Amino acid sequence: MNEVLTFDTVKQYCAFNNQINQHPLVSMVDLSLARPRRLHRMRFNFFIVFLKEIKCGDLRYGCDTYDYDEGSLIFVGPGQVVGSNEDQVYRPKGRALVVHPDFLLGSSLANRMKEYNFFSYELSEALHLSVKERDLIQDIFNKVDGELNQLIDKHTKRLLISNIELFLNYCIRFYDRQFITRKTINLGVVSKFEGLLNDYFRSGQVKASGLPSVAYFAGQLHLSANYFGDLIKKETGKSPQDHLQLRLIAEAKEELLYSQKSISEVAYNLGYKHPQHFTRLFKKVMGVTPGEFRAAG
């Protein structure tokens, strides 16, 4: 069965978990109040953050060994499908912060949400918290919950958004910490990326299939594109796109200096359908056109 449970409103998700809806567009959900249920694939048309213990359960993000075992934060963006249809009954445990995009309209946070890349990470790329970090997150969640249990007034939205933004900014810090504490694993990813990049060019695949995308390499490494991009940038100081461009320019320089191919032929061999696009990138990186580079060499 490939049924997907779709939640369009915060109220629907609260009802699904056997509790009242604190606010039409925002709620702090206590998952322990939910009745036992079978695993489902679920789609949320709002932002949702789960604070969960690391156990196999409804989101099926795995039972691997992590740096910390006190809890994990799992981020799901609007439209993302998560979960499993395996025939298993479970009892949810933990808390979930649910925020509909409409709640953020008119605020500066609405414009900044795209900066929080972790809402498009895979579930296996969850944020694993230390005890101190978990306590801090619980404290912010308690503040959000307390505000939601007040009578709604003119200050409610501003205070809720302030706490939500504070929470998200701490998550950026904690993910930075996670990238650092998993340095050995991360360096393995960087090394594999470099190997895949070399193989792509050396095998002639670039001429046959065109320029590789960041998503292609992320898929080869079984990572989401955003997590892969953030990891590579943290470890090397350059984005995956930067690495692709630098490798391409290195290949181009060798062709220009040691072959008789025309500039158009060099461009086609590097996957460009339009040579002028290649010339534009080359000049941007090198400061001179391919022709000028060849003449100077």
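For segment 100-120, which residues satisfy the criterion of being under 14 Å from Ile48 (Cα atoms) and of a type in the set (A, V, I, L, M)? Leu104, Met113, listed by residue number. The residues of segment 205-227 that are out of contact with any helix residue (DSSP H, G or I) (no Cβ under 9 Å at 6 or more places or on another chain) and hydrophobic (A, V, I, L, M, F, W, C) amount to a single one, Ala208. Residue count for segment 272-297, restricted to those that are more than 17 Å from Ser259 (Cβ to Cβ), in contact (Cβ under 8 Å) with a residue 40 or more places away in the chain and not charged (D, E, K, R): 1.
For segment 147-172, filtered to residues that are more than 28 Å from Lys132 (Cα to Cα) and among the aliphatic types (A, V, I, L, M), the residue that is surrounded by the fewest Cβ atoms within 10 Å (Cβ to Cβ) is Leu151.
What are the residues in segment 116-138 that are in contact with a helix residue (DSSP H, G or I) (Cβ under 6 Å, 6 or more places away or on another chain) and either among the charged types (D, E, K, R) or more than 21 Å from Gly219 (Cα to Cα) (or both), if any? Glu125, Glu133, listed by residue number.
Is it the case that some residue within segment 248-265 is closer than 30 Å to Ser124 by Cα, of a type in the set (Asp, Glu) and at pLDDT 90 or above? Checked against the condition, which is being closer than 30 Å to Ser124 by Cα, of a type in the set (Asp, Glu) and at pLDDT 90 or above, segment 248-265 yields no hits at all.
Of the numbered criteria (1) farther than 15 Å from Leu223 by Cβ; (2) modelled with pLDDT of 90 or more; (3) out of contact with any Lys or Arg (no Cβ under 6 Å at 6 or more places or on another chain); (4) not β-branched (Val, Ile, Thr), the one Asn163 fails is (3).
The values are calculated or read from the model by the stated rules, or taken from the named source; none is laboratory data. Remember, predicted model here, so these are calculated numbers, not experimental data. Every residue, glycine among them, receives a Cβ derived from its backbone with ideal geometry; neighbour counts consider all protein chains shown.
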